[in-house]
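Below is one structure, written out as structure tokens, with a few remarks after it.
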Amino acid sequence: MVKDAKELEELRGWLYERADFSNTPTNITWASERHKKVIAYVKEKVIERIVGDFKGELCDWDVVNEPIVNHQLQGMYGYDMMKNWFDWVKEVDPNATRYINECRIVGVPENGTLDAFKAILDKMVEANVDFEGIGVQGHFSTFTSPKAFYDELVELAAYGKRLKITEFDC
């Protein structure tokens with residue numbers, strides 16, 4: 001399966017790095033602030049392994065996924081840990097295009113997602129997190145105004161990063 005996947009021209013990598021404990025091995029989910037080094041070490045090794053296995057063969061990496069609802073580690077450690085994840089991907093694969101990916105940006109501004117996501121992006125910029133792209137998951141489950149969705153994308157484009165709809169369904 002991996003061999004077949006690598007033959008695709010536009011294959012994206014998804015690290016499943018959520019800013020909480022959902023992708024941390026169960027033997028360290030008990031970790032707290034005292035154990036920041038343990039969590040960082042495990043996350044770094046996971047990134048080294050996954051990115052290393054596909055080095056130079058993927059068009060993009062979603063380094064952080066859905067940070068609005070998965071923010072436990074940011075709450076504990078700030079944005080330094082997120083910065084490390086992006087840096088570690090670049091160390092392993094210097095040509096990697098790194099994305100932060102969020103859902104519920106679907107042309108429904110009253111859901112508050114865009115404002116919350118922009119606040120995260122602003123904190124990333126402030127913390128000097130180096131990344132190339134902003135991913136928007138296109139899970140359109142209800143009527144969406146194409147104009148409202150376009151307006152949301154225009155607001156995200158102001159960050160000067162690549163924009164990509166990373167998932168799509170309706």
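The values are calculated or read from the model by the stated rules, or taken from the named source; none is laboratory data. What you see is a predicted model, and the numbers here were worked out from it, not measured in a lab. Backbone-built Cβ (ideal geometry, glycine too); neighbour counts: all protein chains shown. Each accessible area value is taken on the protein alone, full model and side chains, heavy atoms only, with ligands, DNA and RNA left out. Shrake-Rupley method; radii C 1.70, N 1.55, O 1.52, S 1.80 Å.
Rolling a 1.4 Å probe over the protein heavy atoms leaves D130 with an accessible area of roughly 80 Å². The fraction of accessible area contributed by carbon and sulfur in region 30-170 is 54 percent, rounded to a whole number (1.4 Å probe; ligands and nucleic acids excluded). Taking other residues whose beta carbon is less than 9 angstrom from the beta carbon of I68, and scoring Lys, Arg as +1 and Asp, Glu as -1, yields -1.
Would you rank H71, H139, H35 by solvent-accessible area, highest first, keeping every protein chain in place and using a 1.4 Å probe?
H71, H139, H35
Put simply, the amide H of C103, placed in the peptide plane, has neighbours under 5 Å in E66, Q137, leaving out anything fewer than 5 places away on its chain. Label 7 Å along Cα→Cβ of N128; region 63-96 residues with amide nitrogen under 16 Å? Within reach of a label on N128: 79-88.
For K164, the lysines whose Cα comes closer than 19 Å to its Cα, not counting residues fewer than 8 places off in the same chain, are K118, K147. Here the 3J(HN,Hα) profile of region 94-107, calculated from phi with Karplus coefficients 6.51, -1.76 and 1.60 at θ = phi - 60°, is x, 9, 5, 9, 9, 10, 9, 10, 9, 9, 6, 9, 9, x Hz, Gly and Pro shown as x.
Under a 5 Å amide H cut-off, with hydrogens placed 1.01 Å from N, V129 pairs with nothing among residues at least 5 apart or on other chains.
Accessible surface area normalised per residue over region 33-161 is 47 Å², counting heavy atoms of protein chains with a 1.4 Å rolling probe.
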